[in-house]
Amino acid sequence: MKVTITITTTDEVTDPELQGDDGSEYIVQPEGLEDLAGFLRKVRLNKEPETADRDYIFINVKSKSIKLYLDEVEYIEANGDYIEVKTIYSSYVVHSSLKRMQKKLPDETFMKVHRSYVVNVNRISQVMLDRLQIGRRTIPIGRTNRQIVKSRLKKA
């Protein structure tokens, strides 16, 4: 869903396009980055599709369990005894192995492309011989995984 955000310097919003009836939102002169970030979080929550049919898992981050929507995950990177789960909004460091995390993920959406990376195939924007692109991140494709990646992406 496309959302138009307007930052204005007055409380009197008379322009119909600024009144939020058509998917647009406005904010009156934010006082700082925290104000703006809070506003953007509110807009995102109000404009996100219903979450009832979305797949998710819970991950343990420090002393909290966080609900992680699988369609928001871009990739997971192993780093020693920890993994970093990178989503479109944030990243989380979890004390787990890549293998253990991969078992929780659906095979039709996630694929191991390197000994240190599992990726969401729906988030891949570009594939080269030995690497792929997800967002701004370039992820290596291991030699042993190249043929599997190639055949898997031909099916999609």
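Before moving on, here are some points about what is shown:
- Among residues of segment 122-146, those that are in a loop (DSSP other than H, G, I, E, B), touching a strand residue (DSSP E or B) at 6+ places or on another chain (Cβ under 8 Å) and either closer than 20 Å to E72 by Cα or acidic (D, E) (or both), counted: 4
- Segment 1-101 holds strands (runs of 3 or more DSSP E) entirely within its bounds, and those carrying 2 or more residues that are at pLDDT 95 or above and open to solvent by 100 Å² or more (accessible area, probe 1.4 Å) map to 56-61.
- Residue ID - nearest to Y82 (Cα to Cα), chosen from residues in segment 108-147 that are open to solvent by 90 Å² or more (accessible area, probe 1.4 Å) and more than 18 Å from the chain's Cα centre (by Cα): R115
The values are calculated or read from the model by the stated rules, or taken from the named source; none is laboratory data. None of these values were measured; they are calculated from a predicted model. Here Cβ is always computed from backbone atoms with ideal geometry, including for glycine, and neighbour counts include all displayed protein chains. Side chains are part of the model used for accessible areas, which takes the heavy atoms of the whole protein and leaves out ligands, DNA and RNA. Shrake-Rupley method; radii C 1.70, N 1.55, O 1.52, S 1.80 Å.
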